[in-house]
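J.: For reference, the structure I am asking about is given below.
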Amino acid sequence: MVVPRILTPLDVNPPTGAVQHITVRGSDWLWAVFCIFIVFDLGFMAWMLCVPRGKRLFHQIAVMILTLTALTYFSQASNLGWTVTRTQFGHYTVAGTWRQIWWCRYVNWILTLPLLLVEITLASALPLSDIVILAFAGGFIWANLLVGALVQSSYKWGYYTFACVSMLYMWWVLIMPARKSAKVLRGDYHIIATVSAVWISFMYALYAVCWACCEGANVVSNDSEMVWYGILDILTKPCFLFYFLAALTDCDLAVLQLNSGKYTESGINRSTAATGEVVGDVEKSREPAVESPPLTKSFPGRGQHDVIPDTADTTVPTEQPTTVTTPPATAAQHTEPRYSGATLEGDVGHH
């Protein structure tokens with residue numbers, strides 16, 4: 001009896017045109033990494049649902065990062081999302097052969113690194129302008145490395161240089177301004193910012209070395225490349241994000257002023273809505289909203305509107321109607337004066 005052979009992803013999606021490509025062992029490793037990301041992704045989703053609405057921002061960003069990366073590893077394990085380019089060096093095989101380049105991986109990195117940097121810098125209270133330029137720098141790193149991986153000549157190292165310069169800027173922001181800004185916040189924010197800066201900087205230094213050895217100099221085989229990048233992705237994303245979110249649970253998120261300010265039913269536990277209890281920082285009030293006074297300036301120093309403090313008495317006193325009582329009239333007041341004829345004539349003559 002002939003047992004039919006189970007088709008592998010490389011049988012269904014063969015690496016046509018590539019001389020250097022992944023094998024079945026490389027595909028099996030990618031499936032294992034995909035399962036790791038799926039498990040972490042589902043766990044972070046459940047964790048997110050346990051957090052009150054209005055405080056889920058960090059968990060939602062983490063879920064986006066893990067979901068995008070899981071999709072990428074599904075594509076790579078299925079031997080999809082790649083192209084070929086001619087190698088410049090022949091350290092691993094003969095120079096000038098066609099090697100698989102996984103463009104889906106770079107698309108994932110271009111999207112997830114800015115999200116990861118936003119996640120870290122939001123917890124350090126870095127100014128929004130610095131966060132935006134840092135997120136751009138993160139995407140710029142992998143955009144250059146993608147173009148460099150597809151270039152067949154030595155000009156690929158020019159794009160590698162641009163990526164390294166942008167990476168140096170990323171390290172500087174994380175180590176200097178972000179940590180300095182987090183130090184102002186109370187709690188463990190400074191410790192979290194320091195650990196995050198060291199962790200991410202070290203991991204991305206290894207990413208740069210890995211790219212130089214794999215897509216750049218063609219020193220490492222495709223299967224070894226998958227193992228190297230897979231370990232870096234696991235340490236940089238699910239492992240780091242688990243530490244990051246676990247550390248934030250002991251911090252007062254109110255100092256970051258990132259919770260939702262809308263008074264909606266979504267932020268109030270329906271089971272306690274009738275009792276007027278408060279869930280998280282969402283205040284429930286049955287009283288009519290009091291209109292806030294106008295802003296004192298167009299751009300307040302702390303970026304918040306001037307509002308009436310909660311402790312202030314905003315009740316406008318109502319003016320009570322005044323009741324005027326008139327004393328009863330006496331008989332003398334209603335008695336008309338009587339004039340004698342002589343007196344009346346004298347008065348008329350006088351006038």
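J.: Condition first: out of contact with any helix residue (DSSP H, G or I) (no Cβ under 9 Å at 6 or more places or on another chain) and within 23 Å of Cys251 (Cα to Cα). Now tell me which residues in segment 117-139 satisfy that.
T.: Across segment 117-139, the qualifying residue is only Leu128.
J.: Which of the residues spanning segment 205-219 are buried (at least 20 other Cβ atoms within 10 Å of the Cβ) and under 27 Å from the mean Cα position of the chain (by Cα)?
T.: Tyr207
J.: Being surrounded by fewer than 21 Cβ atoms within 10 Å (Cβ to Cβ), in contact with a Lys or Arg (Cβ under 7 Å, 6 or more places away or on another chain) and under 28 Å from Ala32 (Cβ atoms), is that true of even one residue in segment 79-88?
T.: So far as segment 79-88 goes, yes, one or more of its residues are surrounded by fewer than 21 Cβ atoms within 10 Å (Cβ to Cβ), in contact with a Lys or Arg (Cβ under 7 Å, 6 or more places away or on another chain) and under 28 Å from Ala32 (Cβ atoms).
J.: Go through segment 97-139 and report how many residues are out of contact with any Leu (no Cβ under 9 Å at 6 or more places or on another chain), closer than 25 Å to Gln76 by Cβ, surrounded by fewer than 21 Cβ atoms within 10 Å (Cβ to Cβ) and not β-branched (Val, Ile, Thr).
T.: 1
J.: Looking at segment 83-134, which of the residues that are modelled with pLDDT of 95 or more and among the aromatic types (Phe, Trp, Tyr) is nearest to Pro15 (Cα to Cα)?
T.: Trp102
J.: Please work out which one of (1) touching a Phe, Trp or Tyr at 6+ places or on another chain (Cβ under 8 Å); (2) within 30 Å of His21 (Cα to Cα); (3) in contact (Cβ under 8 Å) with a residue 40 or more places away in the chain is the condition Leu232 fails and give its number.
T.: Here Leu232 meets the rest and fails (3).
J.: While we're looking at this one, here's another question. What are the residues in segment 89-110 that are outside any strand (DSSP E or B) and farther than 20 Å from Trp142 by Cα, if any?
T.: Answer for segment 89-110, where residues must be outside any strand (DSSP E or B) and farther than 20 Å from Trp142 by Cα: Phe89, Gly90, His91, Tyr92, Thr93, Val94, Ala95, Gly96, Thr97.
J.: From Phe34, Phe40, which residue is within 29 Å of the chain's Cα centre (by Cα), crowded, with 18+ Cβ neighbours inside 10 Å and under 26 Å from Ser124 (Cβ atoms)?
T.: Going through Phe34, Phe40 in turn, the sole match is Phe40.
J.: OK, next. With the structure loaded, tell me whether Met176 is under 30 Å from Ala32 (Cβ atoms), out of contact with any strand residue (DSSP E or B) (no Cβ under 6 Å at 6 or more places or on another chain) and either among the hydrophobic types (A, V, I, L, M, F, W, C) or crowded, with 18+ Cβ neighbours inside 10 Å (or both) or whether it fails that test.
T.: Values: under 30 Å from Ala32 (Cβ atoms): no; out of contact with any strand residue (DSSP E or B) (no Cβ under 6 Å at 6 or more places or on another chain): yes; either among the hydrophobic types (A, V, I, L, M, F, W, C) or crowded, with 18+ Cβ neighbours inside 10 Å (or both): yes.
No: the conditions fail for Met176.
The values are calculated or read from the model by the stated rules, or taken from the named source; none is laboratory data. The structure displayed is predicted, hence computed values, not measured ones. Neighbour counts are summed over all protein chains in view; Cβ atoms, including those assigned to glycine, are modelled from backbone coordinates with ideal geometry.
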